[in-house]
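Contents: one structure, followed by commentary.
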Amino acid sequence: MTHFNFESSIAKFKDQADWMGLRFYREKSHDYFVRNERLESCQTNLDQGIMIEVVVNGHLGYAATSDMTSDGIKQAFLRAKSLSQQAAPFKAAEFSNAQRPPSRGKFQSPYLHRLNTLTTDEIMSVLLKASQTLKRSDSIVSRYAATEVKETQIQYISSSGAQWEQDFQLVTTQFQATAQNAKDIQTRTFGNSLQAGAEILQDPKLFEQCIMTAEEALELLEAENCPTGVMDVLIAPDQMNLQIHESIGHPLELDRILGDERNYAGWSLINQTHFGKLQFGSKLLNVVFDPHQENEFASYGFDDTGNPATYEFLIKDGLLLRGLGSLESQKRLGVPGVANARASSWNRAPIDRMANINLVPGSSSVEEMISSVQYGVLLKSNKSWSIDDYRNKFQFGCEYGQLIENGKLTRAVKNPNYRGKTLEFWNNLKAVGNPKTYETYGSPYCGKGEPSQIIRVGHGSPYCLFSHVEVFGGLS
Ligand SMILES: [Zn+2]
């Protein structure tokens, strides 16, 4: 990790504000993208800078700079202080260093081999081989293989004694096969975003998955459309991932409930009176904020205000207990939250982000869940999604469906879609898969905030069975 001596800056300016903090952020990323066995993109980006925060007259102000000389830091400090002084008479809440805990420590994401040990040639040969492997037949008309490897370092120091650092090794992969015949086009995709090292791209299982993905795209070309009707749905973890993200994660963000995001990302069907009272889902629904799950994409030791991240139940036995809100939002709304104030980079202020939101496994095997279904459909891999501003009415399309008839999995069906309303849907949760059915997925693309911030999230879930779901076939 690169170390800058910020102690001297803190010493120089701390008497000119009620509190001040410095957050240094450095990110190096490499993006590679192969289409149809040809390299289409290879980029390296380095981004680094400092965010300075101050508390003056009970108000938080901030300013960022990529000029890390002592003069650059001075100018940013003066700007943050001036903004804070000017805005203090209009402040929404009284803040102090209580919203910026004096945490100390280190977080290192897990890896076997650091990502900087991967060479460009090594990454390119994996992607080219994956693209070749995806070409199982002439009907696979398009192959796509991409990866982003990212190393992120954050250092934080404050006038009240905070001093911590975090080092993240982050890998995203995406592989896709598109099959076409005279009548139809079908796509299957796999990939993930994890905290891990070079070993992810060195795993030979990756090519076995390429074969399976291509075979399923070909299988879908021959499949009938998904039937339409109200039925049971068994949802695989790679679709549960988005279901949790959109209809649990976002509506529980306290800044959305406060209205901060109403102009852009949207509002919420949840309000502050619901916490501790609302039966959000069936008794089988347990959802946690889990910042410590190994390899999950949004694990961390501290959020970007220095709040130590701890495991918390958001929903227990279906009852809504806690929101996803920073110490600032918790003070403003009077609702319990979590350590989730995060910034996408050095030039953004931390806002309420969901991080790792996981559905706790239950006790059912996949076989037990299938055998309990008279007529329904197994759904895998998100293809399309739509949800309203309140995160209430939603509609999702999946890549792959498989009918369940009289307790048995039968034929594949294409273009499966389903829709519902958030609370009704989660209250129809009727079985939760055991730990053997649990998988973790991540995404680097959760967007929110003005100015815009794109940040990483993680979601773990077992297979889950829902009853009375409106299912329909055809393109969504
Ligand atoms: Zn999102």
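Numbers at a glance
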| quantity | calculated |
| --- | --- |
| Among the candidates Gln186, Gln209, Gln202, Gln180, residue that is modelled with pLDDT under 95, away from the ligand (no atom under 16 Å from the Cβ) and not β-branched (Val, Ile, Thr) | Gln202 |
| Qualifying residue in segment 271-281 (condition: touching a residue at least 40 places away in the same chain (Cβ under 8 Å), within 16 Å of the ligand (Cβ to nearest atom) and not polar (S, T, N, Q)) | no |
| Check on Glu216, assigned to a helix (DSSP H, G or I), out of contact with any Gly (no Cβ under 9 Å at 6 or more places or on another chain), at pLDDT 95 or above and within 16 Å of the ligand (Cβ to nearest atom) | no |
| Residue check, Thr228 out of contact with any strand residue (DSSP E or B) (no Cβ under 8 Å at 6 or more places or on another chain), modelled with pLDDT of 95 or more and away from the ligand (no atom under 16 Å from the Cβ) | no |
| Any chance Ala63 is free of Cβ contacts under 8 Å to residues at least 24 places away in the same chain and more than 30 Å from Thr172 (Cβ to Cβ) | yes |
| Unmet requirement for Gly420, which otherwise passes all of (1) away from the ligand (no atom under 12 Å from the Cβ); (2) in contact (Cβ under 8 Å) with a residue 60 or more places away in the chain; (3) buried (at least 17 other Cβ atoms within 10 Å of the Cβ) | (2) |
| Matching residues in segment 343-368 - criterion: being surrounded by fewer than 21 Cβ atoms within 10 Å (Cβ to Cβ) and within 16 Å of the ligand (Cβ to nearest atom) | Arg348 |
| Residue tally, condition outside any loop (DSSP other than H, G, I, E, B) and under 13 Å from the mean Cα position of the chain (by Cα), over segment 278-307 | 1 |
| Whichever residue in segment 430-447 is over 13 Å from Pro361 (Cβ atoms) and either touching a residue at least 60 places away in the same chain (Cβ under 8 Å) or among the polar types (S, T, N, Q) (or both) and, among such residues, is nearest to the ligand (Cβ to nearest atom) | Cys446 |
| Identity of the residue in segment 352-376, charged (D, E, K, R) and in a helix (DSSP H, G or I), that ends up nearest to Gly401 (Cα to Cα) | Glu367 |
| Residue list for segment 453-476, restricted to those being in contact with a Phe, Trp or Tyr (Cβ under 8 Å, 6 or more places away or on another chain) and either assigned to a loop (DSSP other than H, G, I, E, B) or free of Cβ contacts under 8 Å to residues at least 40 places away in the same chain (or both) | Pro462, Ser476 |
| Test set (1) within 16 Å of the ligand (Cβ to nearest atom); (2) at positive phi - Ser193 fails condition number | (2) |
| Scope segment 1-27; condition in a helix (DSSP H, G or I) and modelled with pLDDT of 85 or more; matching residues | Ile10, Ala11, Lys12, Phe13, Lys14, Asp15, Gln16 |
| When residues of segment 234-253 are limited to those that are under 19 Å from the mean Cα position of the chain (by Cα) and assigned to a strand (DSSP E or B), the one farthest from the ligand (Cβ to nearest atom) | Ile235 |
| Gln86, sole failed condition from (1) over 30 Å from Ala145 (Cα atoms); (2) surrounded by 14 or more Cβ atoms within 10 Å (Cβ to Cβ); (3) modelled with pLDDT of 95 or more | (2) |
| Subset of segment 436-449 (residues that are of a type outside the set (S, T, N, Q) and under 25 Å from Thr172 (Cβ atoms)) | Tyr438, Glu439, Tyr441, Gly442, Pro444, Tyr445, Cys446, Gly447, Lys448, Gly449 |
| Tally, over segment 307-337, of residues that are more than 16 Å from the ligand (Cβ to nearest atom) and within 29 Å of Gly433 (Cβ to Cβ) | 15 |
| Which numbered condition Arg256 misses (of (1) in a loop (DSSP other than H, G, I, E, B); (2) within 15 Å of the ligand (Cβ to nearest atom); (3) modelled with pLDDT of 95 or more) | (1) |
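The values are calculated or read from the model by the stated rules, or taken from the named source; none is laboratory data. Note that the structure is predicted; figures quoted are calculated from it, not measured. Cβ sites come from the backbone with ideal geometry, for glycine too, and all protein chains shown count toward neighbours.
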